[in-house]
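Below: one structure, written as structure tokens.
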Amino acid sequence: MIDCLSNPSWIGPQTDFLLFLQNYRTGYLENFDKFFLSITIFGEFWLPTIICAIAYWCVDFRAGVYLLSLEGVNIFVAHLFKMLACVYRPWVLDERICPSKLAIPYAKGYSFPSGHSAMSSSVLGGVAYLLKNKKTLCFLLIGLVLLIGFSRLWLGVHTPQDVVAGLLIGFTLIFIINKIIDWAEKDKNRYLYLALAINVFAVLALIYVCYFNNYRIDYIGGEILVNPYKQIYVTCVVYGFALGLLNGCFLCRRFFPFNPKEVSVKRRILRGIIGAIITLTMMKVLLEFLIMNIVDTKVAMVLTFSMGFVITFVYPIIFIHFGKLLKKV
């Protein structure tokens, strides 16, 4: 574990860079805070999930499985690194750093790696990889990913190493997950092996995070800096969601394959709108509530697993069955 407070020498040059940006942010470019905060929504859970799900439901089933796999595995890896490193936020490492007041409510917990950078680079980078023949769009997507990473620095909520690590995680997964999905596509039964593998990985990771990792607890002014037990709970909640997403799409790909292009564009648009509303409602109401308010961990994991499973398994089964009924009419 990195002893951030007693051995902060590694942060020196990075702090200088954050202070350089801070001079502009707190000066005549202060209004840019709202812009950069709005940019970061592409690295939050709900918008990448909707992007992946719409591709899955309405555009291309295989591409959707790939993007959802990127999102789910990214959640596993990024949060595991956070719980292993236990690095504090920049303003804890150096009291001269004053993060944007607008960003502080959304920047709780450990800092390394940047979850926004990891999520955006995997999902938006994955979309760019799928659209690699459309170079202009690819450059725009990669530019957006880099802008999201820079926004975390501008707002003062991450160090450069946090952002770089998040980008490396996301971009690395793009190629690894593509190879794995290519392997599974050669024999659809392999998706069952993938489901088994991700469940075993998640269980082992959670056992280590919950029972075997030693967490330090530091206080400033009588207040705890980061409550590791709260972070363990959050990790369990998001792992449950990722498991629901991945199990659902792997099982659906194996047992209930569908081709979105078999139905009209109008029906696909309607399917996407309804699904996006359902997904957004679940994530903004239930997922955020569970993260902000600690309930029984097992109950929370069941609920978040169910949310992910509804998105990738239950909802597709409903519109597949509904489509069959329409054909009979």
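Brief remarks on what is shown
- Taking the criterion of being aliphatic (A, V, I, L, M) and either in contact with a His (Cβ under 6 Å, 6 or more places away or on another chain) or closer than 13 Å to Ser120 by Cα (or both), the residues of segment 74-86 that qualify are Ile75, Ala78.
- Contact map, segment 218-231: residues that are surrounded by 14 or more Cβ atoms within 10 Å (Cβ to Cβ) paired with residues that are of a type in the set (Gly, Ala, Ser) and not in a helix (DSSP H, G or I), Cβ distance under 7 Å, separation 6+ or inter-chain. Pairs shown: Val226/Gly109; Gln231/Gly109.
- For segment 285-322, the set of residues classified as of a type outside the set (A, V, I, L, M, F, W, C), modelled with pLDDT of 80 or more, in a helix (DSSP H, G or I) and under 25 Å from Tyr229 (Cα atoms) consists of Thr297, Lys298, Thr304, Ser306, Gly308, listed by residue number.
- Total residues in segment 33-42 satisfying the condition of being modelled with pLDDT under 85 and within 16 Å of the chain's Cα centre (by Cα): the figure is 2.
- Tally of residues being aromatic (Phe, Trp, Tyr) and over 18 Å from Cys86 (Cα atoms) across segment 229-247: 1
- Lys82 meets all of the listed conditions (1) touching a Lys or Arg at 6+ places or on another chain (Cβ under 9 Å); (2) more than 24 Å from Asn259 (Cα to Cα); (3) among the charged types (D, E, K, R) but one, namely (1).
- The residue list Arg62, Arg96 contains one member that is among the charged types (D, E, K, R) and within 23 Å of Asp182 (Cα to Cα), which is Arg62.
- Test result for Tyr193, surrounded by fewer than 22 Cβ atoms within 10 Å (Cβ to Cβ) and not basic (Lys, Arg): yes
- Any hit, segment 43-57, residues being aromatic (Phe, Trp, Tyr), surrounded by fewer than 24 Cβ atoms within 10 Å (Cβ to Cβ) and within 14 Å of the chain's Cα centre (by Cα): yes
- Among the conditions (1) closer than 19 Å to Val226 by Cα; (2) assigned to a helix (DSSP H, G or I); (3) out of contact with any helix residue (DSSP H, G or I) (no Cβ under 6 Å at 6 or more places or on another chain), the only one that Lys101 does not satisfy is (2).
- Candidate set from segment 231-265 (those that are among the charged types (D, E, K, R) and at pLDDT 90 or above); member that is nearest to Arg62 (Cα to Cα): Arg253
- Among the residues examined, Ala78 does not qualify as at pLDDT 90 or above and in contact with a Leu (Cβ under 9 Å, 6 or more places away or on another chain).
- Hits in segment 104-137 (condition: within 20 Å of Asp218 (Cβ to Cβ) and outside any helix (DSSP H, G or I)): Ala107, Lys108, Gly109, Tyr110, Ser111, Phe112
The values are calculated or read from the model by the stated rules, or taken from the named source; none is laboratory data. Computed from a predicted model, the values in this text were never measured in an experiment. As a convention, Cβ positions derive from the backbone with ideal geometry for all residues, glycine included, and neighbour counts pool all protein chains shown.
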